[in-house]
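Heads up: the structure comes next, in structure tokens.
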Amino acid sequence: MRTPTKIEELDLYVWEGKADIVERVARCMASFDVDVIRADDIAISPERTATRPSLAIISVSAIDSGALALRDWRALGMPVVWVGAAPRDHDPTMYPTEYSHILPADFTAAELRGMIVKLVQQVRAHSAQTLSPTTLVANSESMQALLREVDTFADCDTSVLVGGETGVGKERIAQLLHEKHSRYGAGPFVAVNCGAIPDGLFESLFFGHAKGSFTGAVLAHKGYFEQADGGTLFLDEIGDLPLYQQVKLLRVLEDNAVTRIGSTTPSKLDFRLVAATNKNLPQLVKEGAFRADLYYRLAVIELRIPSLEERGAVDKIAIFKAFIASVVGAERLAVLPDLPYWLAEAVADTYFPGNVRELRNLAERIGVTVRQVGAWDAARLHRLVALARSSQPVPAENATEVLVDRSKWDMAERGRVLAALEANGWRRQDSAQYLGISRKVLWEKMRKYQIFDEEPEIRESE
Ligand SMILES: Nc1ncnc2c1ncn2[C@@H]1O[C@H](COP(=O)(O)OP(=O)(O)OP(=O)(O)O)[C@@H](O)[C@H]1O
Ligand SMILES: [Mg+2]
């Protein structure tokens, strides 16, 4: 969480009553990275503003003209600072006192900043109920099976390759692997997007450089490998790493050491490697776009995160509810009736090609509306769901593309399972161990891919 004493990245909305208030607020906040937005019309509704302000500063003389809009602001839980003497005709029921604050008309910069810091602290404490970055909602059977796999691998040092469609939570799982690991969990988690490394910068970014090694290298600089020492190096979008960079990566992984540019002494490294991609790496290997040796080095353990469709309604609804709660807030939600049945059903019936990320967007939009209105307003929520469905770019061709991709992945996995069984004389315990998965997961995969042996052991359920 950001430190509450800093007040950067804030929008302050200031409503004029007395002409000079906006200018004075802006002057007082000049040394902070705060946007002071002047709103001439206090009656403006929150829906019509592009960003949701963190705080409103309103001159008491403007109260009358904005009573209705204030109700919307109140629903958003936004604090208001009334500038002036005790607010004239202030109806105490109109704005909850915990969000209502008074600043004298001749406020000083110190008074204004002090108050803002205090309020920002309150607002952030309130919104801290949002899901923490590593909260993972996983109620479905397939996600539970995945989490059991994660548990099994958590305390070993081997590299893990995380696969799955876009937005399924690959980075989340990578963080979970990091945190659960007793030895590396206390160290740093360094995430690198391999699809966005500018040409010619790979060495400098990954290996770092010694002081004075080239013009402009005024200070020594640690590369990603060294930064991740003692922790986890997360190589995201690994399938997008160009071939010539793959060679360099492989060399470091094999030597477990890195030499900074301009230095001759290699430093030994100890980190856990987790890589992720939504591409089919075995396919890329076949096409010559990905080095086989690097693939084997990365995919010692392979985890595939099921898509939201595979997880089914149980996860869709649980994730949806979690994000709604994080936006609306537990207290406000507690006074509302349960999630309406029709809404849960509509979410369960919607296909989200962007997986959790897309579901999250919808949940947040719905959450904001519920928070504003203070009710499950069927008409407005229907519109939001319909909008989410209509904006999905899934005409027939795209849909088949997704299916084809998945079936390619499945074919590759089926092949691996079959090979493991054959290599281990079809003994399930040994084959599961060989694949680094549990017997139950192996059994599930055999059932899914319709792999059967003559032996009755394999056919019976466990
Ligand atoms: N099981 C989950 N519970 C709660 N939130 C989740 C879960 N899975 C993913 N998220 C959230 O969904 C969003 C997408 O997750 P993440 O970035 O980990 O996906 P990804 O697979 O790495 O996506 P991409 O392929 O686009 O890189 C994030 O906001 C993440 O916090
Ligand atoms: Mg990602």
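The values are calculated or read from the model by the stated rules, or taken from the named source; none is laboratory data. This one's a predicted model, so the numbers in the text were calculated from it and none came from an experiment. A quick note on method: Cβ atoms are made from the backbone with ideal geometry, for glycine too, and the neighbour counts reach across all protein chains shown. We work out accessible area using only protein heavy atoms, side chains counted, and drop any ligands, DNA or RNA first. Shrake-Rupley method; radii C 1.70, N 1.55, O 1.52, S 1.80 Å.
For a Förster distance of 30 Å, can you work out the FRET efficiency between the beta-carbons of A313 and E179, rounded to the nearest 0.05?
On the way: r = 29 Å, r/R0 = 0.95.
Efficiency, rounded to the nearest 0.05: 0.55.
Rolling a 1.4 Å probe across the protein heavy atoms gives region 308-390 an accessible surface of 46 Å² per residue. Taking amide H positions as modeled 1.01 Å from N, with prolines and chain starts lacking one, the residues under 5 Å from W82 and 5 or more places away or on another chain are I58, H101, I102, L103.
Here's how it looks for D270: its modeled amide H is under 5 Å from those of G230, which are all 5 or more places away or on a different chain.
Amide H to amide H distances under 5 Å link A191 with F234, where only residues 5 or more positions off or on other chains count and H is placed in the peptide plane.
Count Lys and Arg as plus one, Asp and Glu as minus one, and take only other residues whose Cβ is under 13 Å from that of L333; the net charge is then +1.
Take the alpha-carbon centre of region 156-172, take the same for region 309-341, and report the distance between them in whole Å. Each part's Cα centre sits 25 Å from the other's. Rolling a 1.4 angstrom probe over region 141-304 with all protein chains present gives an accessible area of which 52% lies on carbon and sulfur atoms.
Between R439 and D255, the modelled labels are 4.5 nm apart [label points 7 Å from Cα along Cα→Cβ].
Quote to one decimal, in nm, the extra length available between E111 and T152 on full extension: 0.36 nm per residue of separation minus the C-alpha distance between them. Can you show the working numbers first?
Numbers: separation 41, 0.36 × 41 = 14.76 nm, distance 5.46 nm.
Full-extension gain reported as 9.3 nm.
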